[in-house]
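K.L.:
Starting off with a structure, shown below.
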Amino acid sequence: MNLLRDELHRIADEAPQIDLADRALKGAKRGRAITMALAVVIAVAVLTGGMVTVVNGGLRGERPVVLTPVPAVAPVLPKKDIGPLARAYTYFCPPPTIDDTDCVDGQWRVVTASGMTYKLTAALGLKNTNKKVLLGPVAITQNGRRIAYYSEKQQTFEVRDLRSGRIWKAPFTISKNELAGENFLRLSPNGLHLLYANFGGRSKPYSVLVDVAEGKTTTLNGTWLPVSVDDDGGSVTQVMPYDGTTRIRVLGNEPLTIKEATHSFSALGPDGRTLARIGSTRNRDAKPELRRPRTIVTIDAIGGHENPEVPIQGIPEELVPSYLGGWVGDTEVTLLAVPELSGSGTPALYVLDVHTGRTRQLRTLDSETSGVLPGMVG
């Protein structure tokens, strides 16, 4: 919910942080302001039961499936034998009725690619406690087959395989009160490595890399925002936007700087060095002038060479490229586009060729900003 994210941003602003982290977070917020504003209008669909169209699993443009409006009642997610997920979102109960006495406000739900909706009761949903707004972060692998979440009962992160039901637990505990502020959770493609960072829940920023299969934890520099981690846990990508620039680093290599304050990055590419980001071509005809990101830029995140901006093609004019995700092959990356503020249009997920700018649509969803999409960096 972007209204919730605005509140989390406010809390993060009020929390004590060291100067460098504050600059980084504020730089990220400036870059996200337009996208978050666009999202508020769309988020209403969740509260009113908007229709959602998804694709039957995978990223190859299979037959679309239209989901019914957000159900008032949903069963608990079964322990196993669940197909790929299309999204996760927090559900807000309708006005109380005699038949709806057991509804839990702000509870996480998941939707499968086949259209089934389940309650994710193991995950910490939206809570107000001790004057703090808490929401356990959730992440889904790009193939939709594994999900990571904060377990209030276990007081740690869990990664769950939807088909087998197997659960991996992070080898440390975090109190739920430490989830105040802004949280970032990233999963490797296979779901066995996760990156977690928090601004505002502790006395200083916190970041960690977790190998859930081996039970290993590596503390990272908390002033950097996590972007992605590969299946081996060896390529960890982080960024630090501030003062009109963004620093980028792949751990083990020297950081580099680009002259753009942005958070709109993809995961690190299959070659272990290519990073894509949404450009910032200006719309000088608008009054006042608006920055409309209609280009894609690739950069060698290790060597530092940045290629020229490439115009993004095939996305309706009323949509704005918003977030990038994982890669589909060597040259294509996933892209989420949302409507202009107060404008019309249906949010959609695309595959974008970073060399040509050509796109192909994977799925549309009226309420994508309501929660988490598989593999997205945002």
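The values are calculated or read from the model by the stated rules, or taken from the named source; none is laboratory data. This one's a predicted model, so the numbers in the text were calculated from it and none came from an experiment. All Cβ positions, glycine included, derive from the backbone under ideal geometry; neighbour counts span all protein chains shown. Heads up: the accessible areas ignore ligands, DNA and RNA and are worked out on the full protein's heavy atoms, side chains in. Shrake-Rupley method; radii C 1.70, N 1.55, O 1.52, S 1.80 Å.
K.L.:
What list of ³J(HN,Hα) couplings, whole Hz, do you get for the stretch 158-165 from phi and the Karplus terms 6.51, -1.76, 1.60, once you set θ to phi - 60° and write x for glycine and proline?
P.N.:
Here the 3J(HN,Hα) series is 10, 10, 10, 8, 5, 7, 7, x Hz.
K.L.:
Something else now. If we sort 109-116, 75-82, 138-145 on the protection proxy, mean other Cβ atoms within 10 Å, highest first, what's the order?
P.N.:
Values: 109-116: 20.1, 75-82: 13.8, 138-145: 22.9.
Result, highest mean Cβ count within 10 Å first: 138-145, 109-116, 75-82.
K.L.:
Do the alpha carbons of any pairs in K176/K259; K131/K216; K153/K204; K131/K204 sit beyond 29 Å of each other, and which pairs? Each step should come with its number before you reach the end.
P.N.:
On the way: K176/K259 37 Å; K131/K216 34 Å; K153/K204 25 Å; K131/K204 19 Å.
Where the Cα-Cα span goes over 29 Å, the pairs concerned are K176/K259; K131/K216.
K.L.:
How much net charge surrounds L85 when only the other residues with a Cβ under 10 Å from the Cβ of L85 are counted, with Lys and Arg +1 and Asp and Glu -1?
P.N.:
+3
K.L.:
Expected output is a single nm value to one decimal: the length gained when fully extending between D231 and E317, i.e. 0.36 nm times separation in residues minus the C-alpha distance. What is it? Before the final figure, lay out the partial values.
P.N.:
Numbers: separation 86, 0.36 × 86 = 30.96 nm, distance 3.62 nm.
Value of the extension gain: 27.3 nm.
K.L.:
Moving on to the next point. Any idea of E318's accessible area? Nearest 10 Å², probe 1.4 Å.
P.N.:
Here the accessible area works out near 80 Å².
K.L.:
If each of E340 and N307 carries a label point 7 Å out from its Cα toward its Cβ, how far apart are those two points in nm?
P.N.:
2.9
K.L.:
Calculate, in nm to one decimal, what K131 and R360 gain on full extension: separation in residues at 0.36 nm each, minus their alpha carbon distance. Write out the running numbers ahead of the final one.
P.N.:
Numbers: separation 229, 0.36 × 229 = 82.44 nm, distance 4.49 nm.
Extra length from K131 to R360 when fully extended: 77.9 nm.
K.L.:
Solvent-accessible area per residue for the stretch 230-378 at a 1.4 Å probe radius, Å²?
P.N.:
Values: 6120 Å² over 149 residues.
On a per-residue basis, 41 Å².
K.L.:
Right, here's the next one. From the Cα gyration tensor of the stretch 70-223, with a ≥ b ≥ c the square roots of its eigenvalues, which class applies: rounded if a/c is under 1.5, or else prolate if a/b is larger than b/c, or else oblate? Could the numbers behind the result be given before it?
P.N.:
Values: a/c = 2.24, a/b = 1.24, b/c = 1.81.
In terms of gyration-tensor shape, oblate.
K.L.:
I've got another one for you. If you count, for each residue, the other Cβ atoms within 10 Å and average over each peptide, how do 200-207, 303-310, 330-337 line up from highest to lowest?
P.N.:
On the way: 200-207: 19.5, 303-310: 14.1, 330-337: 21.8.
Averaged packing, sorted descending, gives the order 330-337, 200-207, 303-310.
K.L.:
Give me a comma-separated list of calculated 3J(HN,Hα) values for the stretch 81-91, in order, Karplus coefficients 6.51, -1.76, 1.60 applied at θ = phi - 60°, integers in Hz, x for any Gly or Pro.
P.N.:
Taking θ as phi minus 60°, the curve returns 6, 10, x, x, 8, 9, 5, 9, 8, 9, 9 Hz for the stretch 81-91.
K.L.:
How long is the gain from S203 to T121 if the chain were fully straight, where each residue apart is worth 0.36 nm and the alpha carbon distance is subtracted? Could you put the intermediate results ahead of the total?
P.N.:
Values: separation 82, 0.36 × 82 = 29.52 nm, distance 2.94 nm.
Full extension of this stretch gives 26.6 nm more.
K.L.:
How much of the accessible area of the stretch 230-378, probe 1.4 Å, is carbon plus sulfur, in whole percent?
P.N.:
Values: 2770 of 6120 Å².
Within the stretch 230-378, the accessible surface is 45 percent carbon and sulfur.
K.L.:
Scan around A267 for amide H atoms under 5 Å from its own, H built in the peptide plane at 1.01 Å from N, and keep only partners 5 or more places away or cross-chain.
P.N.:
G325, G326
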